[in-house]
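Worksheet for the structure shown next.
All of the numbers you see were taken from the coordinates with simple rules; none came from a lab. Keep in mind it's a predicted model, so treat the numbers as computed, not measured. Quick reminder, even Gly has a Cβ in these numbers, built from the backbone with ideal geometry, and neighbours come from all protein chains shown.
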Amino acid sequence: MRSFGSALGHPGTWKKEVITSVYPPLSPNELAVMSRIKCSLCGEQLDADAVEHHSRLCSGFDEPRVTEEELVTSVYPPLSPSELDGVTTIKCSVCGACLEPDAVAEHSRTCLIQSPETGHLKQSGPSGSCLHEIGSTDPAWRKLANLLQEAGMENIAYYRFSLRLKRLWKVEHHKLLQQCEMRASPLGASTRLFCPSSPVDGENIARDGFELPKTPGTFGRGISFSACPLKAASQAPEDSWLPLAKRMLTRPWAAMKKESGHILVCDVYLGKTMTLRSKRKDLDPSEDLKGGWLREQLGLGDYDSVYAPGGFFGAVSVAEYVVYTAHQAVPRYLLECDC
């Protein structure tokens with residue numbers, strides 16, 4: 001076992017004394033190892049006075065120590081040129097382009113504007129140029145999820161299902177919808193109501209606004225809405241016939257119970273509503289919504305919409321509202337829900 005003794009004496013003779021102060025004596029190579037410092041980056045043995053300069057070179061503060069060419073061949077197996085690009089460039093999380101670090105800021109601005117795949121920007125699929133998908137972390141998601149639960153609670157026993165928000169799109173408030181809002185604003189404050197929809201219909205309504213139906217419904221050629229999202233979801237068409245076929249094979253006793261649907265959340269300007277408790281498929285809004293002599297004398301004017309209360313003495317099981325001009329309804333959100 002080697003042990004060190006005292007190495008005192010003249011500074012010029014300390015190496016010789018250290019060599020002979022251990023047993024067996026250290027060789028010159030062993031002494032060189034002891035008197036040098038090993039670089040933690042490259043492993044090179046250095047004299048004490050060369051450590052500072054070497055550290056700067058090795059860490060890349062003064063000049064790059066390893067070139068791209070050396071980097072390719074310094075690993076095993078060697079990096080290919082495409083792999084080298086992955087090391088020295090930054091990949092855009094939106095479009096996947098590999099960028100130099102100084103080009104990231106400018107690319108991000110243009111990519112977010114033009115990309116169809118960012119969270120709050122224009123989406124493909126069921127959304128179109130006027131639909132912006134919203135993630136589950138957005139405050140609007142929680143607000144609408146709570147609205148679905150609260151608004152559907154009254155009729156959950158009747159429909160025997162509840163709604164869970166699956167996807168959410170916000171309708172862009174473009175010029176056409178702004179014009180609808182301005183035309184309807186004299187009717188007073190809007191009411192938030194639900195309307196059955198589909199991915200295609202939702203996209204068209206978000207872009208072009210509502211249109212009056214060509215065939216009359218329960219209360220004539222009007223657009224029907226409900227304060228209950230369960231009613232809107234039960235009337236929403238499925239995307240295809242495949243879910244129905246699957247239910248008929250797997251659980252035919254519940255084949256007509258849909259698993260999902262799309263609904264529109266709208267601000268509807270009802271104005272003055274006329275209550276109807278019986279079906280009126282032949283209702284003509286230009287004549288039947290007139291207020292009559294008494295309302296005219298009282299200054300109440302004509303009606304602007306129809307309200308059909310639900311229940312045993314009503315024309316419908318769950319209450320609904322009907323408007324007869326397209327600008328009275330402004331879409332705000334498109335929801336995809338699991339039933």
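Just to confirm a number: summing +1 for Lys and Arg and -1 for Asp and Glu over residues other than LEU230 whose beta-carbon lies under 10 angstrom from that of LEU230, what do you get? So the environment of LEU230 carries a net charge of +1.
Shape index of segment 262-319: Rg/Rh, with Rg the Cα radius of gyration and Rh the Kirkwood radius from the inverse mean 1/r over Cα pairs, equals 1.03.
The Rg/Rh ratio of segment 148-192, with Rg taken over Cα atoms and Rh as the Kirkwood radius over Cα pairs, comes to 1.15.
So what are segment 167-215's ellipsoid semi-axes, whole angstrom, largest first, if each one is the square root of 5 times an eigenvalue of the alpha-carbon gyration tensor?
19, 14, 12
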